[in-house]
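To start, the structure under review is shown below, and the notes come after it.
Each value in this text was obtained by applying a stated rule to the coordinates, not by laboratory testing. All values reported here derive from a predicted model rather than from experimental measurement. Backbone-built Cβ (ideal geometry, glycine too); neighbour counts: all protein chains shown.
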Amino acid sequence: MATIRASCTDCGDVELTTADVHVRVCTADNQGTYTFRCPTCHMAVVKNAEPRTVDLLVASGVSYSTWSPPLELTESHPDEPLTHDDLLDFHELLGDDDRLASAVASLIDG
């Protein structure tokens, strides 16, 4: 089993085995990270990994998985973002049963 040297933000340099490290790559942009639990302080550590580092870790036997970002991140949002006033208006709408019923009815009808 290969020895991997990494650094913990609290403890500094640590030595790990391939079983201690896990690589994750995003399917949308191929950005990679590797994670491990520090053998000294037991904190979870996540580090960005260049493609070359990902390749070296996987070639040495580190477990590997991919992930996809939620679809909401790819949705277009042509409207302006909500403002504080929009939120206050919505809050008032929720407190007025007649206005709320009218708003729901307009969504159903239209």
Cα centroid separation, the range 6-36 to the range 76-110 (Å):
45 Å
Put one equal scatterer on each alpha carbon of the range 3-68, apply the Debye formula with no solvent term, and list log10 I(q)/I(0) at q = 0.22 1/Å to two decimals.
-0.88
Round to the nearest 10 and give me the degree value, 0 to 90, for the angle of helix 97-109's Cα axis relative to the longest principal axis of the chain.
80 degrees
Diffusion coefficient in µm²/s returned for the chain by Stokes-Einstein, Kirkwood Rh over C-alpha pairs, 4 °C and 1.567 mPa s, is 71 µm²/s
Calculated from DSSP helices alone, with each H run of at least 4 adding -39500 (n - 2.57) and the total divided by the residues of the chain, [θ]222 nm to the nearest 500 comes to -9500 deg cm²/dmol
Antiparallel bridges, percent of DSSP beta bridges restricted to the range 3-68 (to nearest 5)
75 percent
Relative contact order, percent, the chain [alpha-carbon distance under 8 Å, six or more residues apart]:
21 percent
In debye to the nearest 20, how big a dipole does the range 4-67 give about its Cα centre with +1 on each Lys and Arg Cβ and -1 on each Asp and Glu Cβ?
80 debye
Enter the angle in degrees (range 0 to 90, nearest 10) between the Cα long axis of helix 84-95 and the first principal axis of the Cα atoms of the chain, meaning the one along which they spread out most.
60 degrees
Residue exposure sequence - C8, C26 - by fewest surrounding Cβ within 10 Å:
C26, C8
Candidate cut points under GluC sites (Glu not before Pro) in the range 4-110, DSSP loop plus at most 10 other Cβ atoms within 10 Å of their own Cβ, are E75
